Amino acid sequence: MVSALSTRYLPPGVLYFSDVISAEEEVAIVAQLDSAEWSNVLKRRVQHFGYRYDYRARTITADAYLGRLPEWLQFLAERLVDRGYFESLPDQVIANEYLPGQGISAHVDCTPCFGDTIVSVSLLSACQMVFRDLRNLETRTVLLSRQSGILLSGAGRYDWTHEIAARKSDLVDGVKLARERRISLTFRNVIDVQSFEELSRGS
Ligand SMILES: O=C(O)CCC(=O)C(=O)O
């Protein structure tokens, strides 16, 4: 495990970048999220923007459209395009809140629902994300710092799972790092809803 990331260490198609937002922007985004309603459908609280994602059915349908991203997320979506991380403007964001001890199990983001590129921005706390190669179970553990971003594409998006262990601290270079409340913002592009509905009908 390394904390200062070399591109060679990351799974193929994964890119890590620090300082994607400023401390002031982080405070403003968290204030917006906390002034809205968090959903308790999962063990961790979530909020969906752009399109609602159905965790049980693993789908996004046309009636799940919630409207344009709010301005306070749109500027970040535009920044991710300006910096070359996305080719087209992401139109869906899920905010996940993790209290110390909470995590997210190993998964590959819904393949028919979302495009090739996914970016997750970390707010308020660092934590480790574990990647596992589905083909040979090789693992890579990556420290996500506060205000950083991690981009998943290609093999890192489709052939590796990612997860955050449900624990209160991470061991980083032999040092125990306590987790604080962490919020992540995951930006995605919903694949054309019409095609998706055709896909799910098997046509
Ligand atoms: O919290 C994160 O950074 C990852 C979130 C995630 O994997 C997801 O929403 O599918």
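Return the FRET efficiency for the residue pair Glu37, Ala106: r is the Cβ-Cβ distance, R0 is 30 Å, and the value is rounded to the nearest 0.05. Before the final figure, lay out the partial values.
Values: r = 28 Å, r/R0 = 0.94.
Calculated transfer efficiency: 0.60.
Mind ordering 123-134, 78-89 by average Cβ neighbours within 10 Å, highest first?
123-134, 78-89
Looking at the chain, which Cys residues are left with no other cysteine's beta carbon under 4.7 Å from theirs?
Cys127
Where does each of 145-153, 176-184, 46-54, 104-112 land if you order them by average Cβ count within 10 Å, highest first? Display every interim value, and only then the final one.
Values: 145-153: 20.8, 176-184: 16.6, 46-54: 19.1, 104-112: 14.1.
Order by mean packing, descending: 145-153, 46-54, 176-184, 104-112.
Taking 0.36 nm per residue of sequence separation and subtracting the Cα-Cα distance, how much length would be gained by fully extending the chain between Arg68 and Tyr55, in nm to one decimal? Before the final figure, lay out the partial values.
Details: separation 13, 0.36 × 13 = 4.68 nm, distance 2.09 nm.
Extra length available between Arg68 and Tyr55 comes to 2.6 nm.
In terms of the Cα gyration tensor, with a ≥ b ≥ c the square roots of its eigenvalues, is the stretch 4-200 rounded because a/c is under 1.5, prolate because a/b exceeds b/c, or oblate? Walk me through the numbers before you get to the answer.
Numbers: a/c = 1.44, a/b = 1.18, b/c = 1.21.
It comes out rounded by the Cα gyration axes.
Please tell me the relative contact order of the stretch 4-200 in percent, rounded to the nearest whole number, where contacts are Cα pairs under 8 Å and at least six residues apart.
Details: 387 pairs, mean separation 59.3, N = 197.
Rounded, it is 30 percent for the stretch 4-200.
What ranking, highest mean first, results for peptides 16-25, 154-163 when packing means the other Cβ atoms within 10 Å averaged over each residue?
Numbers: 16-25: 14.4, 154-163: 18.1.
Going from most to least packed, we get 154-163, 16-25.
None of the figures in this text is laboratory data; all of them are computed from the coordinates on show. Just so it is clear, the model here is predicted, and its values are computed rather than measured. Cβ sites come from the backbone with ideal geometry, for glycine too, and all protein chains shown count toward neighbours.
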